[in-house]
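First up is the structure itself, then whatever we jot down about it.
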Amino acid sequence: QVQLQESGPGLVKPSQTLSLTCTISNVSITSAYHYWSWIRQSPEKGLEWMGAVAYSGSIYSSSSLASRVAISRDTSKNQFMLHLKSVISEDTAIYYCAKSGGSSRVPFWDNPLDAWGQGTLVTVSS
């Protein structure tokens, strides 16, 4: 029953920071073994996992984007955020937030992303 919804500007200028918010409904962001990810999709690259925040607050990010990506959360609002610095036109994509599970034996990256937001198109252009 968990629901996720992305929000933020649909247009960002080159060199600026792309910031998006994912609002979670029906499940607490701190629920045990819940992990919250950002994924993007473009014709050029397909689906690309960007990073995640765990229920504990631990942060994970793609090695290819680590220098530009920051993931954060606001537990009081049941939200987590994506910040992508120094954007270029190739960062134009549909951005999704999604949830996956895990356990003490199975890391979350071995579990499916079983709940997704509808996605939001972000265009990088001057």
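Are there any strands (runs of 3 or more DSSP E) wholly within the range 76-125 with 1 or more residues that are small (G, A, S) and open to solvent by less than 50 Å² (accessible area, probe 1.4 Å), and if so which?
Values: elements: 79-84, 93-101, 113-116, 120-124.
Ranges flagged: 93-101, 113-116.
How many residues does the range 37-47 hold that are within 15 Å of I71 (Cα to Cα) and either touching a Ser or Thr at 6+ places or on another chain (Cβ under 8 Å) or not hydrophobic (A, V, I, L, M, F, W, C) (or both)?
Initial filter on the range 37-47 (within 15 Å of I71 (Cα to Cα)): 37-40.
With the extra rule that they be either touching a Ser or Thr at 6+ places or on another chain (Cβ under 8 Å) or not hydrophobic (A, V, I, L, M, F, W, C) (or both), the set shrinks to 37, 40.
Total satisfying the criteria: 2.
Please list, ordered by first then second residue, the pairs with beta carbon atoms under 6 Å, 6 or more apart or interchain, first in the range 1-25 and within 18 Å of S72 (Cβ to Cβ), second outside any loop (DSSP other than H, G, I, E, B) and among the aromatic types (F, W, Y).
Taking only residues 6 or more apart or on different chains, the pairs are L20/Y95; C22/F80.
In this structure, is E44 in contact (Cβ under 8 Å) with a residue 24 or more places away in the chain, acidic (D, E) and assigned to a strand (DSSP E or B)? Walk me through it before giving the result.
Numbers: in contact (Cβ under 8 Å) with a residue 24 or more places away in the chain: yes; acidic (D, E): yes; assigned to a strand (DSSP E or B): no.
The answer is no for E44.
Considering (1) under 10 Å from the mean Cα position of the chain (by Cα); (2) over 19 Å from G119 (Cβ atoms); (3) touching a residue at least 24 places away in the same chain (Cβ under 8 Å), say which one N78 fails and leave the rest.
For N78, the failing item is (1).
Name the single residue, out of those in the range 51-60 being touching a Ser or Thr at 6+ places or on another chain (Cβ under 9 Å) and either farther than 24 Å from A93 by Cβ or not β-branched (V, I, T) (or both), that is surrounded by the most Cβ atoms within 10 Å (Cβ to Cβ).
We begin by selecting, within the range 51-60, every residue touching a Ser or Thr at 6+ places or on another chain (Cβ under 9 Å); these are 51-53, 55-57, 59-60.
Now restrict to residues that are either farther than 24 Å from A93 by Cβ or not β-branched (V, I, T) (or both): 51-52, 55-57, 60.
Numbers: G51: 21, A52: 24, Y55: 19, S56: 10, G57: 11, Y60: 17.
So, considering only residues that are touching a Ser or Thr at 6+ places or on another chain (Cβ under 9 Å) and either farther than 24 Å from A93 by Cβ or not β-branched (V, I, T) (or both), the one surrounded by the most Cβ atoms within 10 Å (Cβ to Cβ) is A52.
Kindly indicate whether N26 is open to solvent by 40 Å² or more (accessible area, probe 1.4 Å) and at positive phi. Before you say what the answer is, go through the steps one by one.
Values: open to solvent by 40 Å² or more (accessible area, probe 1.4 Å): yes; at positive phi: yes.
Criteria met by N26.
Select, from E48, E44, the only residue that is open to solvent by 20 Å² or more (accessible area, probe 1.4 Å) and within 15 Å of Y96 (Cα to Cα). Let's see the steps before the verdict.
Numbers: E44 fails: within 15 Å of Y96 (Cα to Cα).
Among E48, E44, only E48 is open to solvent by 20 Å² or more (accessible area, probe 1.4 Å) and within 15 Å of Y96 (Cα to Cα).
Does S72 satisfy the condition of being among the small types (G, A, S), open to solvent by 70 Å² or more (accessible area, probe 1.4 Å) and either without any contact (Cβ under 8 Å) to a residue 24 or more places away in the chain or outside any loop (DSSP other than H, G, I, E, B) (or both)?
Numbers: among the small types (G, A, S): yes; open to solvent by 70 Å² or more (accessible area, probe 1.4 Å): no; either without any contact (Cβ under 8 Å) to a residue 24 or more places away in the chain or outside any loop (DSSP other than H, G, I, E, B) (or both): yes.
Considered against the rule, which asks whether it is among the small types (G, A, S), open to solvent by 70 Å² or more (accessible area, probe 1.4 Å) and either without any contact (Cβ under 8 Å) to a residue 24 or more places away in the chain or outside any loop (DSSP other than H, G, I, E, B) (or both), S72 comes out as no.
Does L4 meet the test of being open to solvent by less than 10 Å² (accessible area, probe 1.4 Å), of a type in the set (A, V, I, L, M) and touching a Lys or Arg at 6+ places or on another chain (Cβ under 9 Å)?
Values: open to solvent by less than 10 Å² (accessible area, probe 1.4 Å): no; of a type in the set (A, V, I, L, M): yes; touching a Lys or Arg at 6+ places or on another chain (Cβ under 9 Å): yes.
When the stated conditions are applied, L4 does not pass them.
Could you please find all residues in the range 7-41 being outside any strand (DSSP E or B) and closer than 22 Å to G101 by Cβ?
The answer is N26, V27, S28, I29, T30, S31, A32, Y33.
The values are calculated or read from the model by the stated rules, or taken from the named source; none is laboratory data. Everything numeric in this text was worked out from a predicted model, so none of it was measured. Because the Cβ atoms are built from the backbone with ideal geometry, glycine has one as well, and the counts that use them run over all protein chains shown. In case anyone asks, the SASA skips ligands and DNA or RNA and just uses the protein heavy atoms, side chains included. Shrake-Rupley method; radii C 1.70, N 1.55, O 1.52, S 1.80 Å.
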